[in-house]
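Working notes, beginning with the structure itself.
Laboratory data are not the source of any read-out in this text; all were calculated from the coordinates shown. As the structure is a prediction and not an experimental result, all values here were calculated from the model. Positions of Cβ are generated from backbone atoms using ideal geometry, with glycine treated the same way; all protein chains shown enter the neighbour counts.
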């Protein structure tokens with residue numbers, strides 16, 4: 001039987017700050033990769049050409065190539081199948097980068113969690129009562145209120161409109 005294997009891929013670079021990069025993976029998560037930690041964990045030799053990336057200006061030359069992060073400014077040569085030397089960009093597999101990354105909590109999701117909690121309390125409802133009214137679980141309501149879970153738009157609408165009896169309106173500016 002064939003298994004559905006999800007291979008991590010990076011879809012987008014959000015921003016670069018110092019030696020950290022915010023990216024979006026194909027599972028929809030925005031994650032922060034701190035390359036000081038990555039280089040330390042990978043035990044990269046101090047004589048390696050990769051050490052050029054400790055310079056923030058060189059590090060910022062990162063590109064998204066084949067759904068992972070790559071640097072053409074790092075000297076890396078491989079031998080191809082015809083025994084010819086070829087310069088290639090330095091890259092670290094997205095699976096390794098996912099393992100060394102941390103979830104990026106957006107200000108938006110923390111605002112949603114606070115909004116749900118504040119409105120629930122003003123309405124005089126417990127988490128369990130809100131969960132029953134909206135067709136979710138108390139644990140899920142708790143995770144949303146404490147920014148421990150992403151929320152789908154349909155579920156948010158159900159919690160706001162059905163559970164809290166309010167109207168959900170979303171504005172993109």
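Computed quantities for the displayed model
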{"quantity": "Relative contact order %, the range 10-103, counting alpha carbon pairs below 8 Å whose residues are six or more apart", "calculated": "26 percent"}
{"quantity": "Proxy reagent accessibility, fewest Cβ within 10 Å first, across 42, 156", "calculated": "42, 156"}
{"quantity": "Calculated Rg and Dmax of the chain using C-alpha coordinates, Å", "calculated": "22.1, 73"}
{"quantity": "Shape of the range 66-119, Cα gyration tensor, a/c cut at 1.5", "calculated": "prolate"}
{"quantity": "Packing rank of 20-26, 149-155, where each peptide gets the mean count of other beta carbons within 10 Å, highest leading", "calculated": "20-26, 149-155"}
{"quantity": "Volume in Å³ per residue [convex hull over Cα atoms, computed for the range 10-103]", "calculated": "101 Å³"}
{"quantity": "Inter-label distance for residue 76 and residue 138, nm, one decimal - labels placed 7 Å from Cα along Cα-to-Cβ", "calculated": "5.1 nm"}
{"quantity": "Most mobile listed residue (45, 73, 82) in the chain, GNM with C-alpha springs under 10 Å", "calculated": "82"}
{"quantity": "Ellipticity estimate at 222 nm from DSSP helix runs (n ≥ 4, -39,500 (n - 2.57)) divided over the chain, nearest 500", "calculated": "-8000 deg cm²/dmol"}
{"quantity": "Between 0 and 90°, nearest 10: helix 107-122 axis offset from the chain longest Cα axis", "calculated": "20 degrees"}
{"quantity": "Quotient of Cα Rg and 2.2 N^0.38 Å for the range 59-156, N being how many residues it contains", "calculated": "1.83"}
{"quantity": "Euclidean distance between Cα centres, the range 54-98 to the range 111-173, Å", "calculated": "44 Å"}
